[in-house]
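One structure is given here, and the rest of the page talks about it.
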Amino acid sequence: MTADRKVALVTGAGSGIGKHAAMALLNAGYATVLTGRRLRPLEDTIKEAAVTDAPALALSCDVGSPDDVAGLFSKIEQKFGRLDVLFNNAGTNVPPLTLDEISPEQWRTVVDVNLTGAFLCSREAFRLMKRQDPMGGRIINNGSISAQSPRPGSAPYTATKHAITGLTKSTSLDGRPFNIACGQIDIGNAATDMTTAMAVGVPQANGTMAVEPTMDVKHVADAVVHMAGLPLDVNIQFVTIMATKMPLVGRG
């Protein structure tokens with residue numbers, strides 16, 4: 001089935017950036033596996049993509065569970081025989097809180113999804129990409145602008161996204177002998193359901209509230225497709241795509 005097309009996996013594909021990236025990969029001709037906790041949003045994403053000439057498969061999975069992730073990759077191998085692209089996109093957050101207000105349970109929830117989930121999926125991707133023929137593949141991590149700079153009250157999210165940068169570098173280095181490339185896309189203010197608050201104002205580092213500009217999430221999806229489509233001897237190690245006028249660049 002996949003002899004003439006590449007196979008991609010998108011985590012957190014039921015909404016936001018993951019949804020649009022999955023639809024863009026389908027439209028680019030990838031056999032695309034969409035995963036997330038709930039099956040219905042994944043199926044809705046496939047319907048919305050309305051692509052009939054590229055295989056799409058919706059599979060529910062808790063990326064923080066080693067057994068779930070192992071089962072996910074087993075199904076991918078059974079269905080397609082290989083995996084060429086993994087987009088580690090699944091993420092979660094807690095309400096804005098200062099360090100003393102964050103419970104251990106809230107901390108673990110964010111770490112389990114954002115960091116452990118990316119590790120578990122990368123580990124299984126490594127195993128499959130090493131043994132498939134031809135050997136190799138590409139892993140793309142969603143680092144977020146929070147991999148560079150925190151927002152107020154975001155310690156768990158920021159810590160995991162900074163850690164993703166280390167995971168990206170280690171994955172890139174460890175993947176070299178096996179033709180596995182790994183890069184990171186840091187996304188700032190893509191317009192999704194998660195960024196609606198920016199239209200009314202979000203907390204700034206100086207204690208004020210400010211409206212922040214957003215950008216069409218389509219441009220993020222296009223960037224993911226571009227990274228995915230590069231030959232394996234070429235890698236975009238880190239890229240930042242952001243609303244031009246968001247208050248990232250400059251003095252705080």
Practice prompt. Determine if the range 182-202 includes at least one residue that is more than 22 Å from Gly18 (Cα to Cα), surrounded by 15 or more Cβ atoms within 10 Å (Cβ to Cβ) and in contact with a helix residue (DSSP H, G or I) (Cβ under 6 Å, 6 or more places away or on another chain).
Written response: no
Discussion item. If I ask for residues that are in a helix (DSSP H, G or I) and among the charged types (D, E, K, R), which ones from the range 130-146 would you list?
Written reply: Lys130, Arg131
Practice prompt. Name the residue, out of Ala228, Ala223, Ala197, that is without any contact (Cβ under 8 Å) to a residue 40 or more places away in the chain and within 17 Å of the chain's Cα centre (by Cα).
Written response: Ala223
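Confirm whether Leu9 is modelled with pLDDT of 95 or more, buried (at least 24 other Cβ atoms within 10 Å of the Cβ) and closer than 20 Å to Met194 by Cα.
no
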Discussion item. So if I check each of Asp233, Asp186, which one is within 21 Å of the chain's Cα centre (by Cα) and acidic (Asp, Glu)?
Written reply: Asp186
Practice prompt. Report the residue count in the range 156-202 for those that are under 20 Å from Ile241 (Cβ atoms), assigned to a helix (DSSP H, G or I) and touching a Leu at 6+ places or on another chain (Cβ under 8 Å).
Written response: 3
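Looking at the range 203-220, which of the residues that are within 17 Å of Ala22 (Cβ to Cβ) and β-branched (Val, Ile, Thr) is farthest from the chain's Cα centre (by Cα)?
My answer is Val217.
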Worksheet item: Which of (1) touching a residue at least 60 places away in the same chain (Cβ under 8 Å); (2) hydroxyl-bearing (Ser, Thr, Tyr); (3) in a helix (DSSP H, G or I) does Ser149 not meet, given it meets every other one?
Response: (3)
Worksheet item: So, in the range 211-252, of the ones that are exposed (fewer than 13 other Cβ atoms within 10 Å of the Cβ) and among the small types (Gly, Ala, Ser), which residue ends up farthest from Ala31 (Cα to Cα)?
Response: Gly252
Fill in: Enumeration of residues in the range 61-83 that are hydroxyl-bearing (Ser, Thr, Tyr) and closer than 10 Å to Leu128 by Cβ
Ser74
Worksheet item: Since Asn114 meets every condition but one in (1) outside any loop (DSSP other than H, G, I, E, B); (2) within 23 Å of Val7 (Cβ to Cβ); (3) of a type outside the set (Val, Ile, Thr), which condition does it not meet?
Response: (2)
Response to the item:
Scanning the range 203-220 residue by residue, the ones that are outside any strand (DSSP E or B), out of contact with any helix residue (DSSP H, G or I) (no Cβ under 9 Å at 6 or more places or on another chain) and not hydrophobic (A, V, I, L, M, F, W, C) total 5
Worksheet item: Is at least one residue of the range 118-129 within 14 Å of the chain's Cα centre (by Cα), touching a residue at least 12 places away in the same chain (Cβ under 8 Å), closer than 20 Å to Ala221 by Cα and part of a strand (DSSP E or B)?
Response: no
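The values are calculated or read from the model by the stated rules, or taken from the named source; none is laboratory data. Predicted, not measured: the structure shown is a model, and the values here were computed from it. No Cβ is skipped: glycine too gets one built from the backbone with ideal geometry, and neighbour counts run over all protein chains shown.
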